[in-house]
1. Give the relative contact order (percent, whole number) for segment 39-130; include only Cα pairs under 8 Å separated by 6+ residues.
2. By its C-alpha gyration tensor, with a ≥ b ≥ c as the square roots of the eigenvalues, how is segment 30-171 shaped: rounded for a/c under 1.5, else prolate for a/b larger than b/c, else oblate?
3. Taking the DSSP beta bridges in segment 107-216 as the whole, what percent of them are antiparallel, to the nearest 5?
4. On a C-alpha basis, how far is the centre of segment 23-70 from the centre of segment 305-320 in Å? Whole number, if you could?
5. Would you calculate, for the chain, the mean residue ellipticity at 222 nm contributed by helices, counting each DSSP H stretch of 4 or more residues as -39,500 (n - 2.57) and dividing by all residues, to the nearest 500?
6. Given a Förster distance of 30 angstrom, what is the FRET efficiency for Lys60 paired with Val245, based on the Cβ-Cβ distance and rounded to 0.05?
7. Any idea what diffusion coefficient segment 108-199 gets from Stokes-Einstein, in µm²/s, Kirkwood Rh on alpha carbon pairs, 10 °C, 1.306 mPa s?
8. Using just the alpha carbons, could you tell me how many Å³ per residue the convex hull of the chain encloses?
Amino acid sequence: MATLEEIKISAKNNMSICKMCKSCNGETCRGWTPGPGGKGTGSSFVRNVSMLKQVTLNMKVLYEDNDVDSSFDFFGSMLRAPIMAAPIANVKINYGSTVDEKTYLQALGHGCKEAGLIAFLGDGANREAFEMPLNLHKELPNDTVMTIKPWLLDHVFSKFEEVKACGSKAIAMDVDAAGLTLLKQMGVPVAYKSAADLRKIKEFAQVPFIVKGVMTIEDAQNAIEAGADAIIVSNHGGRVLDDCVSTIEVLESICTFVSKRMKVYIDGGFRSGADVFKALALGADAVLIGRPFSHMAIGGQQEGVALYANQLIEQLKECMRMTGCMTLDDIRRTCVNVHF
Ligand SMILES: Cc1cc2nc3c(=O)[nH]c(=O)nc-3n(C[C@H](O)[C@H](O)[C@H](O)COP(=O)(O)O)c2cc1C
């Protein structure tokens, strides 16, 4: 069985664009979009990672020894932890991957399932870029979530029809992809969505609807008005707006505003179980992790994904133990300090 270090070396050998840096922090790949990096100066990706380091944990170990339970309810499916793989599409163009998209997707989906987690899957401009993740979703409807781009409404509805036919537990939309350079270059009609548009989409979905790409209280309010079941606080890994605030910086105020009216997930720069713990303490229900999961799929296929997922779960549980939290509900604001 390969180690994580060996899988990382293999990932580096299997990618010609992504440099597989020791710390995946957006420094080397500043501006590489298409590519693995952040848009423009790359500051948004870099900030996502660096601001997470500005949150520290409070150690608390004097309590009656007990088992730690990190299990998480995702719309009726029990996961081993509130951790999910973020949707990442087009690994050939973005990473220069020698592993093809289908193999990568299979590794991601089955690796997450093996570890007791789920994977969000992306969508793209051409039919193949939708069909490949859809085929995996058909195979694993309970363990994957399709993330549809904010196309013009008719196109959204026809794609949702195909997704729903798979027996989906939930459907997501990355509304911030309306600003994605790559899609614009391909001349595909994506569009910004109003609360009224979102409501129509939610009504059409008939399953829990997750809005990915919320960074302000105003957009959270729009998502609530539309009847969304969850939002993902996300700036698309820093790929849609340069000089954007980091996701961890806006999380707490959004969670306070939402006040449990819908679920709040977050992504952007999360790399370890400790990072996940920080978001939970600031009010998030769950965390999505993007680039590292795709590296593991490219470097170690299903085994690599499961190994990384298990490491994340163990790290989260270790943080829970060392802060006196036996369940996710015990993870509170007082468990962390925010230095920004
Ligand atoms: C190469 C690449 C491709 C991506 N493709 C998609 C996509 O198809 N759909 C989507 O919603 N987000 C996409 N994202 C954004 C991720 O889902 C996620 O928001 C982001 O990567 C989280 O940050 P992290 O990678 O630092 O964990 C992509 C990100 C990268 C780096």
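Bear in mind that the values in this text are calculations on the coordinates, not laboratory data. None of these values were measured; they are calculated from a predicted model. With ideal geometry, Cβ positions are generated from the backbone for all residues, glycine too; neighbour counts draw on all protein chains shown.
1. 23 percent
2. oblate
3. Details: 1 of 11 bridges.
In segment 107-216, approximately 10 percent of DSSP beta bridges are antiparallel ones.
4. 15 Å
5. Result for the chain, helices only: -13000 deg cm²/dmol.
6. Details: r = 30 Å, r/R0 = 1.01.
Once the sixth-power term is evaluated, E becomes 0.50.
7. Calculated translational D: 116 µm²/s.
8. Normalising the Cα hull of the chain by residue number yields 120 Å³.
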